[in-house]
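This report concerns only the one structure given below.
Bear in mind that the values in this text are calculations on the coordinates, not laboratory data. Quick caveat, the model's predicted, so the values are computed rather than measured.
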Amino acid sequence: MFKNGYLLTGVFFASFLWVSVTTSAETDFNSFWQQFKTAVVNNDKSTVARLTKFPLSMPFGVESVKTEAEFLKGYDDILNMEADAKRCFQTTKPKQERKSYAIYCTFKQLPESSENRPIKYYFARTKTGWKFEGIDNINE
């Protein structure tokens with residue numbers, strides 16, 4: 001009888017801790033996302049670079065961005081290669097994907113309301129917090 005009571009208590013506390021950790025991770029990401037999105041919308045290149053993990057992964061056939069200096073030099077071409085990041089980030093919400101998050105954008109030439117959203121900007125939690133980790137075209 002006592003064993004079952006201990007088991008139930010353990011399960012209850014484990015589920016409580018899991019919910020707390022999950023909620024904390026979401027809150028941390030939401031804070032990061034607001035800061036990152038604001039920096040992109042305001043063209044604050046240095047903040048975007050600070051919130052980026054290097055090397056930054058790029059779509060198939062495009063070499064990764066190895067350093068902050070390289071990122072700053074090619075900022076507009078990198079962030080807006082196939083999508084209009086500023087336009088997309090203002091209206092699109094990130095989606096949680098396992099332990100990471102991603103935002104899916106449409107091509108520059110399509111309206112933001114388009115359902116065709118193959119350009120993926122993705123974010124991962126690192127030892128120093130959430131970081132912009134890469135861009136991908138999921139059609140390639």
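For the stretch 37-140, the square roots a ≥ b ≥ c of the C-alpha gyration tensor eigenvalues yield an a/c under 1.5, which makes the shape rounded.
Rounded, prolate or oblate, given the Cα gyration tensor of the stretch 61-114, with a/c below 1.5 counting as rounded? Note, shape of the stretch 61-114 comes out oblate.
Shape call for the stretch 35-74 from the C-alpha gyration tensor, a ≥ b ≥ c root eigenvalues: rounded (a/c under 1.5), prolate (a/b greater than b/c) or oblate? Note, shape of the stretch 35-74 comes out prolate.
Remark: the stretch 76-82, residue by residue, has Karplus-estimated 3J(HN,Hα) of 4, 5, 6, 5, 10, 4, 10 Hz, where x stands for each Gly or Pro and the curve is 6.51 cos²θ - 1.76 cosθ + 1.60 at θ = phi - 60°.
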